[in-house]
Every structure is written in C-alpha cells, then in structure tokens.
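The values are calculated or read from the model by the stated rules, or taken from the named source; none is laboratory data. Since this is a predicted model, take the numbers as computed values, not measurements. Virtual Cβ from ideal backbone geometry, glycine too; neighbours counted across all protein chains shown. Surface accessibility is based on the protein's heavy atoms, side chains included, excluding ligands, DNA and RNA. Shrake-Rupley method; radii C 1.70, N 1.55, O 1.52, S 1.80 Å.
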Amino acid sequence: MIGLSGFDRRQFLGALSLGAAAIALPQLVQAQTAGRRLAGVFPIGFTPVNAQNQVDYDGLAAQVQFCRRGGVHGLAWPQIASGWTALSEEERMHGAETLLSAARGGSTAIVIGVQSRTADFEETERYARQAEKLGADAIICIAPPGKSSAPELLSYYQRLGKVTSLPLFAQTGGDFSIDLMVEMFNTIPTFRYVKDEAGDPLERVAEIRRRTNDQLQCFSGKGVTTMITEMERGFIGHCPFVSLADLYASAYDSYHAGKVRDAFDQFGRIEAASSMFPQSDVDVLIARRVFRSGTTTRVAPPAPGADTMHRKTMSPEEISHHLDTYLRPYLRA
C-alpha cells in the first residue's frame, strides 16, 4: 500500500469529492451517530451450522440472547471469526435479520458486517441498506480484496459512507496506515469507529487518538489478549470470541467504574481459562448451553500458506467441568 503522501493533488481532490455529499449533511449524521455511543465488549459472533452444514439461525439468535443475559454491550457479525467468506448472500441476509430481531428491545448493540468477498460494491450496498432498514446500530467493513492502495481504499470507504447514515466501522489489517485512517475520518462523517488489527494496535492507538482529537474510537481485535493494557491506552471497545464475552464485559465494567484491580482479576480468570481451552472452540458454547450438542461452525477456507495447526480441543463435558470448578461464580450468562 502506498501512503497518502503518494497522492497526486488532483487524485486527492477527486477522492475527497466522493465524500462531499455526506459532508454536506452533518446534522443528519450527527443525529444518527448520537443515538447510541458504541463502547464496551462487542464479540464476533460464530456462525453455527448443523450436521448438514446448514446455518442454525436459532443458534445465531441464541448468541444474542446469551449476550443480553450477560450484560455484553454489543455483537458483530459476520466477520472473520464468523467464517464470512464461506457464507452466501442469502445466508448473510437471513442471519442479519435473525440477529436484529433477537436484539430488539435489549441493550446489546448489533453491528452488521457488509464487506463483499469479491469487492462487489452493489453487494456491500445491499447489506448496508438492509442493516439500516432493520435497525442495526452500525455497520462494519473489512477492506475489500483487490483494493490495496490508499486512494482505492479511501474512495471505497467514502462511497460506503454515503450509502446509509449508520455509524461506520472499518476493520484494518495488513499495512492499513494511520494516514489513511485519518483521511477517512476527515472525509467520511459516519466513520467514527475502527477495529484496528494492522501492525501493533497498542502502539498505534495514541497517534490515532491524537490526530483525530480523540474522536475516532478504537476497538481491539486479535483475540483481545491484552485487554487491560488496551483500556489503559484508550481503546473504548474490544472484540473477543463470544465464548467468555460475559467475563470480558464484567472486566470492562469494573475497569470503567474505577475498580481496576477487580478488572485485572477478572481478566486473569479469562487468561487462565484460555490456557485450558481455546475460546475459538464452539464446544465452549455447547458447554454453556448456548448451542445444541453437535453444533459446528462455518469456517472460512484458510489463506494460502496460513498455519493450519490447532490445539487439541476438549469435549463440552470437560469444558463444563472447568467452568463449574473455576468460573461459575463469575459467569453472568
């Protein structure tokens, strides 16, 4: 990716013009984004499937209900941990409708992923318009494949920012630069959240906050293995797996209530549990009675050259034993 410093002036002004219409409507955008401040623990939902590899929509809804019981602040779907590239458009549309219906009337916010695996903007537009129509709290978009330069990405996200008035998250990765993020912030009024997974997010957050006057809100990913440090450095949100999301939410709530040692202890319990069983294992939610026995998840094909080694998983019964022995008093869902 080239930096924004590589822009020709005419290219740069042309790219900015894509966001001009949205910039002309600041009151509309401000009214929308002021509806609910998005902050806290926003796990990435699994895509549960049955023995026939059909999406279990009841299982999708059960994750929302689990988050509501556990005081979890939000949920995002479909993203990388959801196996989004292995989902059809019909499955994604039905899944989004299921999640938003299950969330209605509760305090758990829902963020809908709108990226297209083929960089088809019309497909992305359909997801975004459906999300707005059904009452999603925000949309999130992974950088589209085949668009790696800063001008291409800026233009793409500016175009997306004009589709709806919903708050827009960008999920970064690879060499997605801070310069690009700042230009997006300055030219896309709905872009006020980023799930940063590029480079070392812990080292990037201070510059992002400084250069956007602390207005571009940073969420963490990468398994949320550094949550206490993330909160210390100003991340306002965290995107772990759903499996122990209620414990993460408890740690978040304690930290932001000034009970930092309680938050530290709670996060320590999460880390200890993660040394016993992986949070990415669907059997954790079977053990927690969120998914039916025998449920698996839709998994995206691995990228070429990716490490496909996995830890040996435990049975739901073994996981349940560990939960009962060590974590039962602390589970909220």
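Things to note:
- Meets criteria (closer than 23 Å to residue 235 by Cα and at pLDDT below 95) for residue 200: no
- Just one of the listed residues (305, 234) is at pLDDT below 95 and either on the phi > 0 side of the Ramachandran plot or among the charged types (D, E, K, R) (or both), namely 305.
- Segment 69-89 - residue that is open to solvent by 40 Å² or more (accessible area, probe 1.4 Å) and free of Cβ contacts under 8 Å to residues at least 60 places away in the same chain and, of those, farthest from residue 130 (Cα to Cα): 88
- Residue match in segment 223-238 (condition: charged (D, E, K, R), assigned to a loop (DSSP other than H, G, I, E, B) and open to solvent by 10 Å² or more (accessible area, probe 1.4 Å)): no
- Residue count for segment 118-163 under the criterion of being of a type in the set (D, E, K, R), in contact with a helix residue (DSSP H, G or I) (Cβ under 6 Å, 6 or more places away or on another chain) and modelled with pLDDT of 95 or more: the result is 1.
- From the options 205, 194, residue that is outside any loop (DSSP other than H, G, I, E, B), touching a Leu at 6+ places or on another chain (Cβ under 7 Å) and closer than 20 Å to residue 171 by Cβ: 194
- Failed condition for residue 295, given (1) modelled with pLDDT of 90 or more; (2) more than 24 Å from the chain's Cα centre (by Cα); (3) under 23 Å from residue 52 (Cα atoms): (2)
- In segment 92-116, the qualifying residues are those that are open to solvent by 30 Å² or more (accessible area, probe 1.4 Å) and outside any helix (DSSP H, G or I), and the one that is nearest to residue 47 (Cα to Cα) is 104.
- Extreme residue, surrounded by the most Cβ atoms within 10 Å (Cβ to Cβ), among residues of segment 117-137 that are in a loop (DSSP other than H, G, I, E, B) and touching a Leu at 6+ places or on another chain (Cβ under 7 Å): 136
- Taken as a whole, the structure places residue 64 among residues that are modelled with pLDDT of 50 or more, on the phi < 0 side of the Ramachandran plot, under 23 Å from the mean Cα position of the chain (by Cα) and aliphatic (A, V, I, L, M).
- Only one of the listed residues (257, 251) is open to solvent by 50 Å² or more (accessible area, probe 1.4 Å) and closer than 25 Å to residue 68 by Cβ. That residue is 257.
- Cβ pairs under 7 Å, 6+ apart, first in segment 90-108 and in contact (Cβ under 8 Å) with a residue 12 or more places away in the chain and of a type outside the set (A, V, I, L, M, F, W, C), second open to solvent by 10 Å² or more (accessible area, probe 1.4 Å) and part of a helix (DSSP H, G or I): 94/57; 95/57; 97/134; 98/57; 98/61; 106/68; 108/68
- Among the residues making up segment 138-148, those that are open to solvent by 30 Å² or more (accessible area, probe 1.4 Å) and either among the hydrophobic types (A, V, I, L, M, F, W, C) or touching a residue at least 40 places away in the same chain (Cβ under 8 Å) (or both) are 143, 148.
- Residue check, residue 211 over 17 Å from residue 40 (Cα atoms), out of contact with any Asp or Glu (no Cβ under 7 Å at 6 or more places or on another chain), open to solvent by 40 Å² or more (accessible area, probe 1.4 Å) and among the basic types (Lys, Arg): yes
- Among residues of segment 164-191, those that are among the small types (Gly, Ala, Ser), out of contact with any Leu (no Cβ under 7 Å at 6 or more places or on another chain) and at pLDDT 95 or above, counted: 2
- Search result, residues across segment 168-208 that are among the charged types (D, E, K, R), touching a residue at least 12 places away in the same chain (Cβ under 8 Å) and open to solvent by 30 Å² or more (accessible area, probe 1.4 Å): 175, 179, 183, 192, 197, 204, 207
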